[in-house]
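Each value in this text was obtained by applying a stated rule to the coordinates, not by laboratory testing. If you're wondering where the values come from, they're calculated on a predicted model, not measured in any experiment. Neighbour counts are summed over all protein chains in view; Cβ atoms, including those assigned to glycine, are modelled from backbone coordinates with ideal geometry.
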Amino acid sequence: MNTVTKKPENSETTIICLQHDDMTEKNTPIQINMLMNVLLTLSSIVFPLITLPYVTRVLGPENLGKVYFATSAVTFFAVFAELGIPVYGIRACARVRDDRRELTRTAHEIMTINLISCLTVYAVLAICMFTVPRFTEDRALLAVISSSMILNALGAEWIYKALEKYTYITIRSLIMKVLALIAIFILVRGRSDYVIYGFLTIAAAAASNIVNMTGIHRYIDIGYKGRMDLRRHLPGMLALLSLAAAATIYTNLDIAILDFMKGDMEAGFYGTAVKIKLVLVNLVTSVSAVLLPRTSFLAVKGDYDRFIMLLKRTMSGVIALAVPAASFFIMFADDCISVLAGEEFSAAVLPMRIIMPSIIFIGISNITGMQMLVPAGKEKEVSHAAWIGAAVDLSLNMLFIPRFASAGAAASTLAAEIIVMIYLLRQGGRYSREIISAKAVLIVAAVSAAAIPACIWVRVTGLGGLAEVITAALFYFGSYCLIIFVLMRKNVLLR
């Protein structure tokens, strides 16, 4: 990975990110963009926590499992309908953002490809909905959720991101999420309303895409009639499709296989544990979410010292956040499930305990892959890691799910995340060893263990429910932060 010290040969990603970064400074202060990203991240954490306790109790594990399965199935089709465009479109349009005519041409070419791929995938999905028995059972639910594919194609969110309309994107998204949240509490009233809930899970994004369609004329000409060259975009799109397909397979495969093998009930248990895990993953990865333009800039400039320093600091923050979070939710998984989902979902406790450590490995992989390897021109290695994870996840799911059901799916995912992390760290070579310290990881783990006695006594108080979880969290994380602070003062940890 010696490309960090010089301009990489295949540096399309880094060049675009550099252009993106420079243009940001001319238009919107980067602090504003970071603030907008923080608000979006917080909404992805808070909103699920608000709705989950309600929908789990109203719909129950079986009907909620139907929604989880349908969402997972549509996600497989959607990744091929999108054809890597959500990322490719940002790159391609960022190049020509100051030339309205060329931006119009590029946008129309990409949208045309997207619509063709979307209609093709819809045709395949329609055949499956009438021929695959499991799809036929929930045909209406699949039809509702799959409507997001065509709306994503027409909404062209990538144009707004290429033009760095982050304030617009954030405000629009928050408004739509609030409306969808309110609608869930009003319209989802009984167990038969799972199709309505399925629609409302994609309603915020669907409404946002409709709003995009009404305002896109401000940035491109709608009636473009010039020459179009669709083929020039295909190589870049297909390269990104490979990465997106691999990531989608190994992050959604478990629920689909579990539902096919064990039914909606087990999918409901496991899907609930995964949803709680994803909230924590969003929290942990938000630490590094806005780093890509900056690390790309430093990689292109060959500023090795600042590149490593930034990654090292971020890695320390991710580990310091992920380890205690995973530890706490493993200890209090039963109380968290009881509060967030209800006693009916008690079978989700074991898979949740098994899968929780994965947030540590995901956090490390995110920095190593997306923030270190990608800026250094190593996108292929990141894609290989995702395909390896998909192969491991598929193999273990087929082996473990028949015997251990949702617990087997959780174990398979955990193993896949460990393998992906190890592969990415090896691809990083000596840079991986510089940004992550085994000693620091051991210290954080020891501090997390030392903070356990501060909260474990809550178990014997009999508080129960939400009061017990909040009290335990306050004592655990309070003690953890206090010990970390003392160690930092004594220079045991880097400041």
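Is it true that some residue in the range 311-332 is part of a helix (DSSP H, G or I), among the basic types (K, R), touching a residue at least 60 places away in the same chain (Cβ under 8 Å) and over 19 Å from F477 (Cα atoms)?
The answer is yes, given that some residue of the range 311-332 is part of a helix (DSSP H, G or I), among the basic types (K, R), touching a residue at least 60 places away in the same chain (Cβ under 8 Å) and over 19 Å from F477 (Cα atoms).
Give the residue that is nearest to F332 (Cα to Cα), with candidates limited to residues of the range 437-489 that are under 27 Å from the mean Cα position of the chain (by Cα) and among the β-branched types (V, I, T).
Here the residue is V469.
L200 - would you say it is of a type in the set (A, V, I, L, M, F, W, C), part of a helix (DSSP H, G or I) and over 30 Å from R139 (Cα atoms)?
The answer is no for L200.
Part of a helix (DSSP H, G or I) and farther than 26 Å from L115 by Cβ: is that true of L179 in this structure?
yes
Looking only at the range 388-446, count every residue that is farther than 26 Å from F307 by Cβ and basic (K, R) and tell me the total.
Matching residues across the range 388-446 total 1.
What residue, among those in the range 186-225 that are within 26 Å of the chain's Cα centre (by Cα) and of a type in the set (S, T, N, Q), is nearest to E102 (Cα to Cα)?
N212
Right, I90: under 27 Å from L253 (Cβ atoms), buried (at least 19 other Cβ atoms within 10 Å of the Cβ) and touching a Lys or Arg at 6+ places or on another chain (Cβ under 8 Å) or not?
Answer is yes for this residue.
For the range 406-464, which residues satisfy the criterion of being among the charged types (D, E, K, R) and under 22 Å from I319 (Cβ atoms)?
E417, R426, R430, R433, E434, K439
Here are the criteria: (1) more than 28 Å from L39 (Cα to Cα); (2) surrounded by 21 or more Cβ atoms within 10 Å (Cβ to Cβ); (3) among the aliphatic types (A, V, I, L, M). Tell me which single one I127 does not satisfy.
Every condition holds for I127 apart from (2).
Find the residue count for the range 86-141, including only residues that are among the charged types (D, E, K, R), touching a residue at least 24 places away in the same chain (Cβ under 8 Å) and closer than 30 Å to L200 by Cβ.
Total satisfying the criteria: 2.
Of everything in the range 156-176 that's part of a helix (DSSP H, G or I) and of a type in the set (A, V, I, L, M), which residue is nearest to L40 (Cα to Cα)?
Across the range 156-176, the extreme among qualifying residues is L174.
Name the single residue that is surrounded by the fewest Cβ atoms within 10 Å (Cβ to Cβ) among those in the range 423-477 being among the β-branched types (V, I, T) and free of Cβ contacts under 8 Å to residues at least 12 places away in the same chain.
V460
Just the residues that are assigned to a loop (DSSP other than H, G, I, E, B) and either of a type in the set (V, I, T) or in contact with a Leu (Cβ under 9 Å, 6 or more places away or on another chain) (or both), please, taken from the range 369-392.
Across the range 369-392, the qualifying residues are V374, P375.
Specify which of the listed residues (S346, S395, S412, S365) is touching an Asp or Glu at 6+ places or on another chain (Cβ under 8 Å), surrounded by fewer than 19 Cβ atoms within 10 Å (Cβ to Cβ), hydroxyl-bearing (S, T, Y) and in a helix (DSSP H, G or I).
On inspection, the qualifying residue turns out to be S346.
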